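Single-structure report; data block below.
The values are calculated or read from the model by the stated rules, or taken from the named source; none is laboratory data. Note that the structure is a prediction, hence the values are computed from the model and not measured. Neighbour counts are summed over all protein chains in view; Cβ atoms, including those assigned to glycine, are modelled from backbone coordinates with ideal geometry.
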Amino acid sequence: MPIVADVSTPEGAAAFVDAAAEALGAVDILVPNAGGPPPGTFASTPVDAYPAALDLNLMSVVAMCKAAVPAMQERRWGRVVAITSLSVRQPIAQLILSNTARAGATGFLKTLALEVAGDGVTVNSVQPGLHRTPRVTDLYDDEQQASLRMGEPADFGQVVAFLCSEAAKFTTGVQLHVDGGNYLGLL
């Protein structure tokens, strides 16, 4: 059942969850995700660009969770699997707005996970590296793409599906990077 919504504002994000609950009877699984804000560097990004990026990639996650999680707690079952970015662990050049907003979302999600774990609700985030999506093909030219190790969107989706399953009932508060081994850090 398609539900069209603009999640670029907290109000739009909450309305999306409300429309889904009305159409489906309840929201048991929430996968907060929104496109990335415009690329840019510290020097090229004006201060007034930050609020829209924070609304899109941080406040929309908070609003969707505020709209969905209390009912999950009442039902004693729910899954939140937010899509953030590998940039939370390793900032990506030219994406200062995304790097900033998604790091905030990760802090929020970890805090929420601790608060609702006893209610049967799991909260995790999945951090994609490079996957063949329109966003990646827009950011990197053909020569750059040829030198990058990229996954397919389905590879990523299977990990998200697992975290939404009953089998993942004891997995919460995780920030899982799905990047084909591109992230080089130990933690």
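Any chance region 137-144 includes a residue that's crowded, with 16+ Cβ neighbours inside 10 Å, modelled with pLDDT of 90 or more and touching a Pro at 6+ places or on another chain (Cβ under 9 Å)?
Scanning region 137-144 turns up no residue that is crowded, with 16+ Cβ neighbours inside 10 Å, modelled with pLDDT of 90 or more and touching a Pro at 6+ places or on another chain (Cβ under 9 Å).
Which residues, counting only those in region 33-61, are more than 16 Å from ASN99 (Cβ to Cβ) and within 11 Å of the chain's Cα centre (by Cα)?
Answer for region 33-61, where residues must be more than 16 Å from ASN99 (Cβ to Cβ) and within 11 Å of the chain's Cα centre (by Cα): ASN33, SER60.
Checking GLY35 against (1) within 22 Å of SER125 (Cβ to Cβ); (2) out of contact with any helix residue (DSSP H, G or I) (no Cβ under 8 Å at 6 or more places or on another chain); (3) loosely packed, with under 15 Cβ neighbours inside 10 Å, which single condition isn't satisfied?
(2)
How many residues, within region 37-81, are hydroxyl-bearing (Ser, Thr, Tyr), under 16 Å from PRO91 (Cβ atoms) and in contact with a Ser or Thr (Cβ under 8 Å, 6 or more places away or on another chain)?
Here the count works out to 1.
When you look at GLY12, is it in contact with an Asp or Glu (Cβ under 9 Å, 6 or more places away or on another chain) and either surrounded by fewer than 19 Cβ atoms within 10 Å (Cβ to Cβ) or part of a helix (DSSP H, G or I) (or both), yes or no?
So GLY12 passes the test.
Can you name the condition, by its number, that ALA67 falls short on among (1) closer than 25 Å to HIS177 by Cα; (2) of a type in the set (A, V, I, L, M); (3) surrounded by 15 or more Cβ atoms within 10 Å (Cβ to Cβ)?
With (1) closer than 25 Å to HIS177 by Cα; (2) of a type in the set (A, V, I, L, M); (3) surrounded by 15 or more Cβ atoms within 10 Å (Cβ to Cβ) applied to ALA67, the lone miss is (1).
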